[in-house]
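J.: If you scroll down you'll find the structure; I have some questions about it.
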Amino acid sequence: MIINFILNGEDVIFRGEAGVRLIDILRESFGLFGAKPGCLSGQCGACSVIFNGHVSPACLIPAFKIKGCEIITIEGFSQTIEYQEIMTGFAEVHLGNCGYCEAGKILCTETLLEKNYKPTNEEILMGFSGIKCRCTNAVRLIKAVNIIADMRRRRLNGRTA
């Protein structure tokens with residue numbers, strides 16, 4: 001099967017079986033290792049990617065579902081100013097990242113703030129509900145997202161509204 005899709009802003013083609021998982025396509029066909037095969041059941045968030053604007057577990061997406069879709073991996077997202085803001089916010093509150101869940105936390109932050117520049121604490125925690133990692137301190141996570149949201153509002157609006 002030949003499958004065309006957009007990967008990190010580029011039109012790409014995958015040639016292979018329709019049931020191959022996206023996590024395997026990213027790693028084996030495109031050499032993108034930021035999404036990690038954790039639980040392989042969609043529960044941990046280690047294989048998170050942005051799939052058509054939503055954080056999704058790449059281990060649950062079969063190849064036939066990616067046709068014509070847009071996929072952003074942590075490698076692609078790391079080239080953006082938004083990534084730099086997120087990393088700055090995480091560092092400011094010393095939000096530890098074990099490496100296992102880092103991509104998922106970064107991509108969840110992006111999709112949350114893309115939709116809502118002023119999330120409540122509950123919305124922040126709900127936005128990260130798909131990331132299962134013990135290194136995440138909820139208080140620091142909330143503080144980091146609020147700092148990042150403020151940076152983004154200032155950058156986009158020129159004020160802290």
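J.: So which pairs qualify, if the first residue must be in the stretch 108-129 and more than 14 Å from Ile148 (Cβ to Cβ) and touching a residue at least 12 places away in the same chain (Cβ under 8 Å), the second must be assigned to a helix (DSSP H, G or I) and open to solvent by 40 Å² or more (accessible area, probe 1.4 Å), the Cβ gap must be under 7 Å, and the two must be at least 6 apart or on different chains?
T.: Leu125/Ala138
J.: Now for a different question. For Arg134, are the conditions met, namely being at pLDDT below 90, among the charged types (D, E, K, R) and open to solvent by 40 Å² or more (accessible area, probe 1.4 Å)?
T.: Working: at pLDDT below 90: yes; among the charged types (D, E, K, R): yes; open to solvent by 40 Å² or more (accessible area, probe 1.4 Å): yes.
So Arg134 fits the description; yes.
To keep it simple, each residue is scored yes or no on (1) surrounded by 18 or more Cβ atoms within 10 Å (Cβ to Cβ); (2) in contact with a Pro (Cβ under 8 Å, 6 or more places away or on another chain).
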| position | (1), (2) |
| --- | --- |
| Phe5 | yes, no |
| Gly16 | no, no |
| Phe33 | no, no |
| Leu40 | no, no |
| Ala46 | yes, yes |
| Pro62 | no, no |
| Lys67 | no, no |
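J.: How about the stretch 108-131: which of its residues are part of a helix (DSSP H, G or I), open to solvent by less than 40 Å² (accessible area, probe 1.4 Å), among the aliphatic types (A, V, I, L, M) and closer than 17 Å to Gly45 by Cβ? Can you show your working first?
T.: Taking the stretch 108-131 and keeping what is part of a helix (DSSP H, G or I), we get 108-115, 121-127.
Pick out the ones that are also open to solvent by less than 40 Å² (accessible area, probe 1.4 Å) and you get 108-113, 124, 127.
The next check asks that each one be among the aliphatic types (A, V, I, L, M); those that pass are 112-113, 124.
The answer is Leu112, Ile124.
J.: Select from the stretch 132-148 the residues that are more than 14 Å from the chain's Cα centre (by Cα) and outside any helix (DSSP H, G or I) and write down the one among them that is nearest to Thr73 (Cα to Cα).
T.: So, considering only residues that are more than 14 Å from the chain's Cα centre (by Cα) and outside any helix (DSSP H, G or I), the one nearest to Thr73 (Cα to Cα) is Cys133.
J.: Applying the selection to the stretch 77-111, what residues are of a type in the set (A, V, I, L, M, F, W, C) and within 17 Å of Arg155 (Cα to Cα)?
T.: From the stretch 77-111, those of a type in the set (A, V, I, L, M, F, W, C) are 77, 81, 86-87, 90-91, 93, 95, 98, 101, 103, 106-108; that's our starting set.
Matches in the stretch 77-111: Ile81, Ile86, Met87.
J.: Restricting attention to the stretch 90-112, and to residues there that are of a type in the set (Gly, Ala, Ser) and more than 8 Å from the chain's Cα centre (by Cα), which single residue is nearest to Ser48 (Cα to Cα)?
T.: Of the stretch 90-112, the ones of a type in the set (Gly, Ala, Ser) are 91, 96, 99, 103-104.
Cutting the leftovers down to more than 8 Å from the chain's Cα centre (by Cα) gives us 91, 96, 99.
Numbers: Ala91: 21, Gly96: 18, Gly99: 13 Å.
It comes out as Gly99.
J.: Please go through the stretch 48-60 and pick out each residue that is open to solvent by less than 20 Å² (accessible area, probe 1.4 Å) and hydrophobic (A, V, I, L, M, F, W, C).
T.: Val49, Ile50, Ala58, Cys59
The values are calculated or read from the model by the stated rules, or taken from the named source; none is laboratory data. Quick caveat: nothing in here was measured; it's all calculated off a predicted structure. Note: ideal-geometry Cβ built from the backbone for every residue, glycine included; neighbour counts use all protein chains shown. The area values use the complete protein model at the heavy-atom level, side chains included, leaving out ligands, DNA and RNA. Shrake-Rupley method; radii C 1.70, N 1.55, O 1.52, S 1.80 Å.
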